[in-house]
Amino acid sequence: MILLRVTIAFLLLLLLPDWYIHRVYLKGLANWQKRLYWAPSLLLLALLGIFVTAQETFHDYFGIYLIVVLCIAVPKTFFVLFSLLVRGIGKLCRCSLPHGWIALFPSLGVCGYVIYGAVYGKENFKIHEVTFCSPDLPEAFDGYRILQISDIHSGSWKGNSEGLQRAINLCNAIQPDLAVFTGDLVNSRSDELPEFAPVFRQLTAKDGVYSILGNHDYGTYAHWDSEQDRLANVDSLIAYQRRMGWQLLLNEHRVLHRGNDSIALVGVENCGKPPFSDRADLPKALQGTEGMFKVLLSHDPTHWRREVLPDTDVQLMLAGHTHDMQISLLGFSVSRFIYPEHRGMYLENGRGLYVNIGLGYVLFPMRLGAWPEITVLTLRKCN
């Protein structure tokens, strides 16, 4: 389904701008020159057909292909938009403007920005400091600091453990009271982890490191010879996390103590709407936490409105999953059309949801504007 959407999007990105440029700017060229202009787009579409039909064989090269497509298609799209804008201004002013040359410069700038996102953006780690206030918070936990990371997607970092090492070093320098990971440790397979497990094992916090599973962690995006093989992969992933010293919460909770006060850290398996898996059992995870201040780890932010807000008294939920689509321009991302809560803090009647947009990347090996995130949430008691 994801690949189908990408295919449709790329058909539009590649063909519509070329159709416009062909009609407006290539009129005086010879036929062979026009065919030469169309050649790169047609070649990229042919390669897309190969990736669609043989994705398992060429999966490792798909990310490079996507970057090439974006470096060509996105600048062309911006060229068309600026060209239309300048031509419209020229008609309003009744003057002739060199719309082609004017549109060329911002398009080249966009191309450079895309290249920056592919080369540097995915390691442009940002630390976000956030405060959540609640009258329900016990006094002893006033000022308690929770470090949240999410969506590492280890397989995407193959051969670059140094990048993740730098991220973990930034996390440890914060010296949080608690560290949590909100799902999608791998793309699909547990065998993505051996290269990075020594790095993840270094993550520390005073009250420990806790984690949950995300939709990718169940291996549903890979081909398996049998369901038993897929389940064995999940068991292997769980075992890896425990060897790393991460305490995985599978529809359960832990009580954290400060003096005579305590709060509950609750973690559920992935709770998503189709096509994403729904394995969460929130009532089971909450058993025994009645009357306590609760922090819920749940990978998919849509869980907040579907079950958490209407059916529980959980004060704060931490999620990931959206990546903010890995692209945000001037604060705008298309993820807002898919997820009502897609990044940052959301409050409703004194209860909160924080959506971390992820430390890693998947499918598109780049980040633009939606920089990889390390979150530090400080809990405060308020009246």
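The values are calculated or read from the model by the stated rules, or taken from the named source; none is laboratory data. It should be emphasised that the depicted structure is a prediction, and the values quoted were computed from it without experimental measurement. No Cβ is skipped: glycine too gets one built from the backbone with ideal geometry, and neighbour counts run over all protein chains shown. Note: areas computed on protein heavy atoms with side chains; ligands, DNA, RNA excluded. Shrake-Rupley method; radii C 1.70, N 1.55, O 1.52, S 1.80 Å.
For this structure, a couple of remarks:
- First in the range 165-185 and open to solvent by 10 Å² or more (accessible area, probe 1.4 Å), second anywhere and at pLDDT below 95, Cβ under 8 Å, 6 or more apart: none
- Enumeration of residues in the range 313-339 that are farther than 16 Å from GLY272 by Cβ and open to solvent by less than 30 Å² (accessible area, probe 1.4 Å): VAL314, GLN315, LEU316, ASP324, GLN326, SER328, SER333
- Qualifying positions in the range 220-242 - touching a helix residue (DSSP H, G or I) at 6+ places or on another chain (Cβ under 7 Å) and open to solvent by 80 Å² or more (accessible area, probe 1.4 Å): HIS223
- Residues of the range 288-315 that are in contact (Cβ under 8 Å) with a residue 40 or more places away in the chain, over 20 Å from HIS216 (Cβ atoms) and in a loop (DSSP other than H, G, I, E, B): PHE293, VAL314, GLN315.
- Of all residues in the range 346-356, one or more are without any contact (Cβ under 8 Å) to a residue 24 or more places away in the chain, surrounded by fewer than 17 Cβ atoms within 10 Å (Cβ to Cβ) and over 19 Å from LEU185 (Cβ atoms).
- Filtered by the rule that a residue be at pLDDT below 95 and either at positive phi or out of contact with any helix residue (DSSP H, G or I) (no Cβ under 7 Å at 6 or more places or on another chain) (or both), the range 351-374 gives LEU363, GLY369.
- Of all residues in the range 146-164 being under 18 Å from the mean Cα position of the chain (by Cα) and not in a helix (DSSP H, G or I), the one that is surrounded by the most Cβ atoms within 10 Å (Cβ to Cβ): SER150
- Test: residue in the range 106-122 that is in contact with a Cys (Cβ under 9 Å, 6 or more places away or on another chain), free of Cβ contacts under 8 Å to residues at least 60 places away in the same chain and of a type outside the set (S, T, N, Q): yes
- Residue in the range 81-98 that is touching a strand residue (DSSP E or B) at 6+ places or on another chain (Cβ under 8 Å) and either under 30 Å from TYR218 (Cβ atoms) or polar (S, T, N, Q) (or both) present: no
- Those helices (runs of 4 or more DSSP H) of the range 24-108 in which 3 or more residues are open to solvent by less than 40 Å² (accessible area, probe 1.4 Å) and either farther than 28 Å from LEU329 by Cα or at pLDDT below 90 (or both) occupy 31-53, 62-93.
- Within the range 117-132, being touching a strand residue (DSSP E or B) at 6+ places or on another chain (Cβ under 8 Å) and either within 28 Å of LEU368 (Cβ to Cβ) or surrounded by fewer than 17 Cβ atoms within 10 Å (Cβ to Cβ) (or both) holds for GLY117, GLY121, PHE125, LYS126, ILE127, HIS128, GLU129, VAL130, THR131.
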